[in-house]
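Here the structure comes first, spelled out in C-alpha cells, and everything after it is commentary.
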Amino acid sequence: DVIKCKTLFATHYHELTRMEHKSLKMLCMDVDERNGTVVFLRKVKEGAAEDSYGIHVARLAGIPQQVTDRANVILSHIQAVAADRPVLESVPASVPQAAPKSPGLFS
C-alpha cells in the first residue's frame, strides 16, 4: 500500500525520451508556440517535449541577445549534422564580441 514514486526531472537529456519500461511515464510541460514566441502554459501533459526551449528560457532570464543569437546558430548546426559526424566540427567559429551594453549575468 505504499507508492514508491521516484521522479527524474531533466531539461536537456533527450535520450531519456527513448527509454521504455512499464513503470516509466513520460510527462512534459505544455507550451504554446506561435511566430517564434514560446509561452509556457504551466500545465503538465503526457509525452516528451517536442522541442528544446532552453534558449527561450535564457531570453526570459535576461541573458543578452548576443548570447542567445549565438546559441541559435550553434543549435541550427547541431540539428543539421548527420548522426555519424562529430557535432563540433560543423559549428562555425564565434563572431567577434561587442562590448556588453549592460552588466553581465555574473557581474
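The values are calculated or read from the model by the stated rules, or taken from the named source; none is laboratory data. Source: prediction; values computed, not measured. A quick note on method: Cβ atoms are made from the backbone with ideal geometry, for glycine too, and the neighbour counts reach across all protein chains shown.
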*Could you identify the single residue in R34, R18, R59 that is under 25 Å from Q79 (Cα atoms) and assigned by TED's automatic domain parsing to the domain that holds L75?*
R59
*Can you name the residue in segment 20-36 that is touching a residue at least 12 places away in the same chain (Cβ under 8 Å) and not hydrophobic (A, V, I, L, M, F, W, C) and is also surrounded by the fewest Cβ atoms within 10 Å (Cβ to Cβ) among such residues?*
K25
*Given the conditions (1) modelled with pLDDT of 75 or more; (2) more than 13 Å from the chain's Cα centre (by Cα); (3) outside any strand (DSSP E or B), which single one is not true for E50?*
(2)
*Can you name the residue in segment 11-25 that is farther than 15 Å from D51 by Cβ and not in a helix (DSSP H, G or I) and is also modelled with the highest pLDDT among such residues?*
K25
*Options R42, R70, R59: the member that is at pLDDT 75 or above, in contact with a helix residue (DSSP H, G or I) (Cβ under 7 Å, 6 or more places away or on another chain) and either assigned to a loop (DSSP other than H, G, I, E, B) or among the basic types (K, R) (or both)*: R59
